[in-house]
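Structure first, then comments.
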């Protein structure tokens with residue numbers, strides 16, 4: 001029989017120790033290092049406000065913007081492509097129409113019309129947190145999420161959207177580059193699209209170049225600018241800003257005397273409960289205004305001429321009309337009472353707000 005002596009015992013212990021040390025020295029798997037996303041630098045156009053809005057939990061990154069760019073144009077975003085109902089942001093926000101649809105109310109995947117006309121995706125980087133015609137949506141991120149479930153838009157669910165996007169081979173690596181892991185979530189989808197939307201900046205219209213001293217306005221366009229920016233003229237600047245407000249909107253809400261009876265539940269009053277907000281809707285930007293008709297929240301006016309005629313002589317009195325519509329009250333009548341030449345001049349100025357650099361920018365075009 002084999003017997004362990006002291007020598008054998010020591011040798012056995014040494015062998016065990018060597019095995020343990022050998023096992024301990026084996027290299028443990030090193031977690032893959034994912035490069036941090038690249039910060040995206042926004043160049044603020046000359047004369048534009050510097051107090052833009054980027055949520056702290058969604059910083060702009062090159063990778064995030066790229067991901068959002070693809071998602072914005074991907075018809076599978078609705079989660080319904082397998083049902084023959086593909087739809088994405090760009091279905092209703094078309095670059096050639098300043099990221100508006102150019103026809104009025106949008107059509108959702110179920111064939112339902114949106115309640116109001118589209119609002120353009122332009123310079124939303126400066127929106128203080130009041131999205132939609134009544135300002136009920138606090139961020140672009142929330143707007144994306146609401147679009148997914150809205151019965152008049154995608155009429156889908158976050159689960160369907162996530163399932164559709166994560167099944168597409170190109171996307172998990174893009175999510176990893178943008179957010180650190182390849183996990184696809186509705187929150188990340190909304191954040192990426194919001195990052196891209198914040199790059200949709202219009203700043204090179206003829207009027208912009210005039211302000212920068214790079215181009216001159218015609219006599220008619222200058223006359224229209226005077227009408228636009230004076231109370232004695234068309235008095236547009238109170239709601240849409242003037243020379244000192246390149247956004248061409250105050251991002252505020254006004255009852256602009258379109259009606260005298262208000263029985264809808266989609267105005268600013270439906271959000272605030274303030275009687276002063278009855279019948280009030282957003283004063284949307286006038287940038288690229290010639291491309292974004294029909295006009296008003298319900299698309300009642302087909303042309304810019306219709307809009308100018310309304311503000312000239314079509315205002316409707318009600319006790320809820322905003323005080324800025326002072327030309328409605330006696331002895332003024334029903335508007336600015338512009339003559340034909342003044343109407344032509346005002347329209348000429350409004351056309352200087354068209355930015356073809358923006359509507360043809362390849363960095364904003366369909367990446368597919």
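Each value in this text was obtained by applying a stated rule to the coordinates, not by laboratory testing. Fair warning: this is a prediction, and the values are worked out from it, not measured in the lab. Here the Cβ positions follow ideal geometry from the backbone for every residue, glycine too, while neighbour counts run over all protein chains shown.
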For the range 162-240, radius of gyration divided by Kirkwood radius, i.e. Rg to Rh on alpha-carbons: 1.35
Inter-centroid distance (Cα atoms) of the range 122-185 relative to the range 30-80, Å: 12 Å
Rounded if a/c under 1.5, otherwise prolate or oblate - the range 247-368, Cα gyration tensor axes: oblate
Over the chain, relative contact order from alpha-carbon pairs under 8 Å, at least 6 apart, %: 19 percent
Candidates 206, 282, 191: whichever shows maximal mean-square fluctuation once the chain is modelled as a Gaussian network with Cα springs under 10 Å: 206
Among 211, 201, 193, residue whose mean-square fluctuation peaks in a GNM of the chain (springs only between Cα atoms under 10 Å): 211
Nitroxide proxy distance, nm - points 7 Å out along Cα→Cβ at residue 62 and residue 270: 4.4 nm
R0 of 35 Å, Cβ-Cβ distance residue 33-residue 212: FRET efficiency to nearest 0.05: 0.20
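Kirkwood hydrodynamic radius for the range 180-323: how many Å is it when counted over pairs of different Cα atoms?
Details: mean 1/r = 0.0563 Å⁻¹.
Computed over the range 180-323, the radius equals 17.8 Å.
For the chain, what does -39500 (n - 2.57) per DSSP helix run (n ≥ 4), summed and divided by total residues, give at 222 nm, in deg cm²/dmol to the nearest 500?
Mean residue ellipticity at 222 nm (helix-derived): -9500 deg cm²/dmol.
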The chain: angle of helix 340-351 to the longest principal axis, Cα-based, in degrees nearest 10: 10 degrees
Mean projected area in nm² (Cα convex hull; one quarter of hull surface) for the range 59-111: 4.7 nm²
Residues 338, 225, sorted so that the one with the fewest Cβ neighbours within 10 Å comes first: 338, 225
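In what order do 156, 139 fall by count of nearby beta-carbon atoms within 10 Å, going from fewest to most?
139, 156
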Alpha carbon centroid spacing (whole Å) that separates the range 191-219 from the range 226-274: 21 Å
Ranked 147, 130, 157, criterion: other C-beta atoms within 10 Å, fewest first: 157, 130, 147
Stretch gain in nm, segment residue 182-residue 341, where the contour uses 0.36 nm per residue and the Cα spacing is subtracted: 51.2 nm
Solvent-free Debye scattering, log10 I(q)/I(0), computed from the Cα coordinates of the range 87-206 at q = 0.17, 0.21 Å⁻¹: -0.93, -1.32
Highest-fluctuation residue, 356, 181, 284 considered, GNM on the chain with Cα pairs under 10 Å: 181
